[in-house]
1. Report, by residue number, each residue of region 63-82 that is modelled with pLDDT of 95 or more, exposed (fewer than 15 other Cβ atoms within 10 Å of the Cβ) and part of a loop (DSSP other than H, G, I, E, B).
2. Give me the pairs, please: first residue somewhere in region 61-87 and on the phi < 0 side of the Ramachandran plot and in contact (Cβ under 8 Å) with a residue 24 or more places away in the chain, second residue anywhere and among the small types (G, A, S) and surrounded by 11 or more Cβ atoms within 10 Å (Cβ to Cβ), beta-carbon distance under 6 Å, and either six or more positions apart or on two chains.
3. Would you point out which residue out of D44, D8, D90 is farther than 19 Å from V121 by Cβ and of a type outside the set (S, T, Y)?
4. Have a look at L47, L55, L18, L24 and point out the one that is over 12 Å from A118 (Cβ atoms), hydrophobic (A, V, I, L, M, F, W, C) and surrounded by fewer than 17 Cβ atoms within 10 Å (Cβ to Cβ).
5. So which residues in region 19-45 are in contact (Cβ under 8 Å) with a residue 40 or more places away in the chain and either assigned to a helix (DSSP H, G or I) or acidic (D, E) (or both), if there are any at all?
6. Among the residues of region 94-135, count how many are in a loop (DSSP other than H, G, I, E, B) and either surrounded by fewer than 15 Cβ atoms within 10 Å (Cβ to Cβ) or at pLDDT 90 or above (or both).
7. Tell me, yes or no, whether region 23-39 has at least one residue that is of a type in the set (V, I, T), touching a Phe, Trp or Tyr at 6+ places or on another chain (Cβ under 8 Å) and under 21 Å from D90 (Cβ atoms).
8. Tally the residues that are exposed (fewer than 14 other Cβ atoms within 10 Å of the Cβ) and among the acidic types (D, E), restricting the search to region 30-44.
Amino acid sequence: MKKIAAIDIGLKRIGTALCLGESLVMPQEAILRKNRDQAAREVDTFLTTWNIDLLIVGLPKGGSSEAEMKRRIEHFVGLLHFNGEVVYQDEYGSSSEAKEMMQGVMRQKRDGRIDSIAAKVILERYLETLKGTHG
């Protein structure tokens, strides 16, 4: 079984999530982004620590800044020293979905929890697409 992780790359934080087992997806600690190189190093550490084989990267589809965001995200992924497979997954609405899931659970803290739940949503969507192709 491949070890799969997802990241939701934001300008301030990078949400992270892991797939443990068939379809159990757990949000992890978000990475605070001070600068690109530091953030890339921390993502690398995260991927190495968990021996990740497959990285799912959220990519916003639609919207006026789609091309710009895609360029930034692909550039960031290019900074990673990750040798596994990278798959881009449409993340449209994942942050709003994450916020809805968290409503009433806690105040909207800026501690990256929303970002990591967005990464969890992205990873779950990816796993759903796999189910579609494998029966």
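1. H81
2. Once the first residue is on the phi < 0 side of the Ramachandran plot and in contact (Cβ under 8 Å) with a residue 24 or more places away in the chain and sits in region 61-87, its partners that are among the small types (G, A, S) and surrounded by 11 or more Cβ atoms within 10 Å (Cβ to Cβ) give L79/A40; L80/A40.
3. Just one listed residue meets the conditions, D44.
4. From the options L47, L55, L18, L24, the qualifying one is L24.
5. Selection gives E29, R36, D37, A40.
6. 11
7. Taking every residue of region 23-39 in turn, none turns out to be of a type in the set (V, I, T), touching a Phe, Trp or Tyr at 6+ places or on another chain (Cβ under 8 Å) and under 21 Å from D90 (Cβ atoms).
8. Of the residues in region 30-44, 1 are exposed (fewer than 14 other Cβ atoms within 10 Å of the Cβ) and among the acidic types (D, E).
The values are calculated or read from the model by the stated rules, or taken from the named source; none is laboratory data. A quick note: this is a predicted structure, and the numbers were derived from the prediction, not measured. Note that each Cβ is placed from the backbone with ideal geometry, even for glycine, and that neighbours are counted across all protein chains shown.
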